[in-house]
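Below is one structure, written out as structure tokens; comments come after it.
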Amino acid sequence: MRISVASAALLLIFALPSARAFASHDDELTDPAALADLESRADHAQPREQAFMYTELIHDYVVVAGKQIAAGDMDKATESLKRVQNFAERIHADKNTKKVKNAETLMHMATYRLSQFMHMVSNEDMAMLQATLKQLDKLHDQLLEQVFAH
């Protein structure tokens, strides 16, 4: 029993710094200037790199929308979700896409977060969230197919 308690304590010690790192990383992601820069780079990137960059933007704007939902600002969250939908429409992935596994992982995290937000919004605001989640789920499935095709 002591070994498992000690193992759990070590796991907690190592997990806490990484949790803080993710939290600070999320703060960096929501910087408007950084988001604008990433969007500009994605718009001008080679088609092989665009899918991953737009997936990064989707993930980042889902983080932004989550913060806006938590703050009770559904108007801004709706705008962020519209941007997510716009970026999802821009992704034209093919079998030669670079970083397809990384894009799939980011998309998985974004869809998971978005599904968690469903519990935080009112019924009136649910439609936009559901439409965005449906679109991202479809895109995630396409990325998964690419991952397994390689």
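The values are calculated or read from the model by the stated rules, or taken from the named source; none is laboratory data. All of these numbers come straight from a predicted model, not from anything done at the bench. Every residue, glycine among them, receives a Cβ derived from its backbone with ideal geometry; neighbour counts consider all protein chains shown.
Of VAL62, VAL100, which residue is crowded, with 19+ Cβ neighbours inside 10 Å, modelled with pLDDT of 95 or more and in the same structural domain as LYS134 (by TED's automatic domain parsing)? Step by step, each of VAL62, VAL100 is checked, and only VAL62 is crowded, with 19+ Cβ neighbours inside 10 Å, modelled with pLDDT of 95 or more and in the same structural domain as LYS134 (by TED's automatic domain parsing). Scanning the range 121-150 for residues that are surrounded by 14 or more Cβ atoms within 10 Å (Cβ to Cβ) and not in a helix (DSSP H, G or I) returns a single hit, VAL121.
Quick one: which of HIS108, HIS92, HIS59 is more than 19 Å from ALA34 (Cα to Cα), part of a helix (DSSP H, G or I) and not charged (D, E, K, R)?
HIS108
Can you tell me which residue among LYS82, LYS99 is closer than 22 Å to HIS44 by Cα and touching a Phe, Trp or Tyr at 6+ places or on another chain (Cβ under 6 Å)?
On the way: LYS82 fails: touching a Phe, Trp or Tyr at 6+ places or on another chain (Cβ under 6 Å).
Residue meeting the stated conditions: LYS99.
Checked against (1) aliphatic (A, V, I, L, M); (2) within 19 Å of TYR61 (Cβ to Cβ); (3) in contact (Cβ under 8 Å) with a residue 12 or more places away in the chain, MET126 passes all but condition (3).
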